[in-house]
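> I am attaching a structure below and will ask some questions about it afterwards.
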Amino acid sequence: MTKTRRFNLTESQMPRQWYNIMADMPNKPLPPLHPGTKQPIGPEDLAAIFPMELIKQEVATDRYIDIPEEVLEIYKIWRPTPLVRAYNLEKYLDTPAKIYYKNESVSPAGSHKPNTAVPQAYYNYKAGVKKMTTETGAGQWGSALAFATQHFNIDLKVFMVKISYNQKPYRKSMMNLWGAEVVPSPSNLTDSGRAILAKSPDSPGSLGIAISEAVEMAAKDPGTNYSLGSVLNHVLLHQTIIGLEALKQMEMADAYPDVVFGCFGGGSNFGGISFPFLGENFRNGNKTRVVAVEPASCPKLTRGQFHYDFGDTVGLTPLLPMYTLGHNFVPASIHAGGLRYHGAGAIVSQLLKDNLIEAMSVKQNETFKAGMIFAKTEGIIPAPETSHAIAAVIREAEQAKKEGKAKTILFNFSGHGIIDLAAYDKYFEGKLEDHEVTDAEIAESVKELQQLV
Ligand SMILES: *Cc1c(COP(=O)(O)O)cnc(C)c1O
């Protein structure tokens with residue numbers, strides 16, 4: 001019998017609704033608080049920067065939410081994405097484990113991020129918005145939103161973390177190609193950026209700083225809205241298309257995951273692949289383990305505090321209940337730019353607090369080694385972010401070999417690394433650092449949290 005390697009849905013089998021885990025999780029996240037009054041915020045507090053449809057999704061409790069027809073049509077450019085059995089990787093690892101991955105790298109931007117960029121641009125377009133701002137780390141989110149906004153004739157300004165702006169010039173080219181303007185952050189275009197530059201002129205920037213700049217610009221201009229690529233409930237909601245497709249495809253493969261892995265920046269690709277499987281755990285008593293994989297240099301889930309914190313550095317966003325390293329934490333300049341974020345989404349944080357998901361961290365060199373192994377065996381070159389999940393999968397498969405257990409592993413292949421080749425060069429030259437944060441650094445950085453609420 002020949003082995004099936006790729007499990008593909010037809011367009012007509014694509015899910016037509018997103019899955020909202022708020023309907024099924026045992027404890028709902030605590031409400032976001034107004035940064036000034038420290039009282040729970042209402043929809044009107046967010047209306048300055050988000051369209052009402054997205055604000056509604058942020059607090060929705062319906063289990064399923066319809067995907068608009070126009071969004072489904074654009075999804076079809078790259079969706080459904082394939083579920084692939086990684087036979088070659090299994091063979092290389094000589095493991096009894098079955099390894100499946102959901103390949104989100106086939107989107108126009110090369111990652112899972114267009115899954116939410118398209119609906120976000122769409123709801124802004126429906127609300128009559130003509131200008132948007134956003135931030136980007138490695139450039140993945142900025143390029144995804146640029147692809148989406150140009151489709152709806154919305155002008156986009158992207159604040160790009162300065163270290164990535166310099167390390168990854170081609171992502172800037174992609175954003176320009178899709179019509180967006182790109183500004184290295186911290187910049188002198190905003191009060192937030194100018195304040196950071198006054199304190200540290202050589203700041204490499206961070207996602208937290210870039211968010212402050214993008215939010216400030218949108219909040220000050222009634223005609224401009226802001227868009228966030230991760231963390232928020234509506235973003236994770238849109239990403240569940242990944243796991244919903246994977247549920248159907250695993251069924252086609254006649255398999256079901258014992259464990260699901262996703263790399264973790266703010267939680268969007270992790271939530272996207274895992275929430276539909278967690279839903280099965282909650283509703284049907286399934287026992288799939290779900291594991292978030294973060295960098296050792298930015299360990300909010302494994303070593304941060306559960307506390308209300310700002311989503312940005314300057315303190316312009318609502319206070320969200322999250323695992324955090326403190327909003328002033330500036331992670332080391334690792335190449336997985338998309339994972340350099342101080343905090344985590346509220347839903348994922350609540351799930352971790354309730355021990356319904358697990359978290360682990362991996363050092364940079366182990367992730368690049370995993371990325372290289374994947375490229376050599378399965379052919380596709382992973383993004384440095386994605387390689388965090390792969391490193392965890394390799395550990396799990398090696399463990400399965402030791403125990404002689406044939407378990408089924410599923411992970412999200414969040415993006416390709418074709419534009420991150422300079423980072424692979426550094427790895428081959430032995431120039432990548434395994435930066436690990438000290439307890440003292442974390443203690444210092446989370447001190448500020450006690451004053452917030
Ligand atoms: C942005 C990004 C991530 C991290 O963001 P999440 O919101 O945690 O998913 C991971 N992988 C890739 C390829 C990315 O572009």
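> Efficiency by 1/(1 + (r/R0)^6): what FRET value for A127 and L356, r their Cβ-Cβ distance, R0 = 35 Å, to the nearest 0.05?
Efficiency at R0 = 35 Å is approximately 0.50.
> Please figure out what share of the DSSP beta bridges in the chain is antiparallel and state it in percent, rounded to the nearest 5.
Counting only bridges with both partners in the chain, antiparallel ones make up about 35 percent.
> Would you grab the residues whose amide H sits under 5 Å from the one on Y308? Only those 5+ places off in sequence or on another chain, please, with H modelled 1.01 Å from N.
Those lying under 5 Å, H to H, from Y308 are M322.
> Is the C-alpha gyration tensor of the stretch 199-241 telling us rounded, prolate or oblate? Criteria: a/c under 1.5 is rounded; beyond that, a/b larger than b/c is prolate, otherwise oblate.
Cα axes put the stretch 199-241 in the oblate bin.
> Taking 7 Å along the Cα-to-C-beta vector as the label spot, tell me the K38-E403 distance in nanometres, rounded to one decimal.
Here the answer is 4.5 nm between the modelled labels.
> Just need the relative contact order of the chain here, percent rounded to a whole number, with Cα pairs under 8 Å and 6+ apart.
Taking the mean separation of contacting Cα pairs over the length of the chain, I get 19 percent.
> Based on DSSP H runs of at least 4 residues, each adding -39500 (n - 2.57), what is the mean residue ellipticity at 222 nm of the chain after dividing by all its residues, to the nearest 500 deg cm²/dmol?
Helix-only estimate at 222 nm: -12500 deg cm²/dmol.
> Next up: Could you list I74, I347, I241 so that the one with the fewest beta carbons within 10 Å of its beta carbon is first and the one with the most is last?
I74, I347, I241
> Taking only Cα atoms, what is the 0 to 90° angle, nearest 10, from helix 268-284's long axis to the longest principal axis of the chain?
Roughly 60 degrees, rounded to the nearest 10.
> Under 14 Å Cα to Cα from K401, which aspartates and glutamates show up? Leave out anything in the same chain fewer than 8 places away.
The reachable aspartates and glutamates, counting only those whose Cα sits under 14 Å from K401, are E90, D94.
> Let me ask you something else. Starting at the first residue of the stretch 252-261, write each ³J(HN,Hα) from the Karplus equation 6.51 cos²θ - 1.76 cosθ + 1.60 with θ = phi - 60°, in whole Hz, x for Gly and Pro.
4, 7, 6, 9, 8, x, 7, 8, 10, 10
> Mind running the shape call on the chain? Use the C-alpha gyration tensor, a ≥ b ≥ c as the square roots of the eigenvalues: rounded below 1.5 for a/c, prolate if a/b tops b/c, oblate otherwise.
rounded
> Okay, moving on. With just the Cα atoms defining each centre, how far is the stretch 197-231 from the stretch 329-382? Give it in Å.
A separation of 23 Å, based on Cα centres.
> Given Cβ point charges of +1 (Lys, Arg) and -1 (Asp, Glu) and nothing else, what value in debye, to the nearest 20, does the dipole of the chain about its Cα centre take?
In debye, rounded to 20, the chain gives about 820.
> A follow-up question, please. Between A23 and D191, how high is the FRET efficiency from 1/(1 + (r/R0)^6) when r is the Cβ-Cβ distance and R₀ = 45 Å? Nearest 0.05.
0.65
> Which residue, chosen from M360, V215, N225, occupies the Cα position most advanced towards the positive end of the dipole of the chain, where the dipole is computed from +1 (Lys, Arg) and -1 (Asp, Glu) charges on Cβ about the Cα centre?
M360
> Net charge near S227: determine it from the other residues with C-beta under 15 Å of the C-beta of S227, scoring Lys and Arg +1 and Asp and Glu -1.
Computed value for this residue: -4.
> Taking just the alpha-carbon atoms of the stretch 282-394, what radius of gyration and Dmax come out, in angstrom?
15.4, 45
> Checking the a/c ratio against 1.5 first, then a/b against b/c, what shape does the Cα gyration tensor give for the stretch 48-200?
Taking the square roots of the gyration eigenvalues as a ≥ b ≥ c, the stretch 48-200 is oblate.
> Along the charge dipole of the stretch 7-123, which of I49, M22, P68 sits closest to the positive end, that is, farthest toward it, with unit charges on the beta carbon of Lys, Arg, Asp and Glu (+1, +1, -1, -1)?
Going by the Cα projections, it comes out as M22.
> Note down the relative contact order for the stretch 241-300 as a percent, whole number, built from C-alpha pairs under 8 angstrom at least six residues apart.
39
> Related question: Quick query: amide H of K98 versus all other amide H atoms, modeled in the peptide plane; which residues come in under 5 Å with a sequence gap of 5 or more or a different chain?
Answer set, sorted by chain and number: K407, T408, I409.
> Still on this structure, I have one more. At a Förster radius of 30 Å, what calculated FRET efficiency corresponds to the Cβ-Cβ distance of L421 and I77, to the nearest 0.05?
0.75
> Which value, in debye to the nearest 20, gives the size of the charge dipole of the stretch 23-92 about its Cα centre, when Lys and Arg are +1 and Asp and Glu are -1 at the Cβ?
Its charge dipole is roughly 440 debye.
> Still on this structure: At most 10 other Cβ atoms within 10 Å and a DSSP loop assignment: could you name the trypsin sites (Lys or Arg not before Pro) in the stretch 237-324 that fit?
Filter output for the stretch 237-324: K287.
Just so you know, all these numbers are worked out from the coordinates, no wet-lab data involved. No experiment lies behind these values; they were computed from the predicted model shown. Methodologically, a virtual Cβ is constructed for each residue, glycine included, from the backbone with ideal geometry; neighbour enumeration extends over all protein chains shown.
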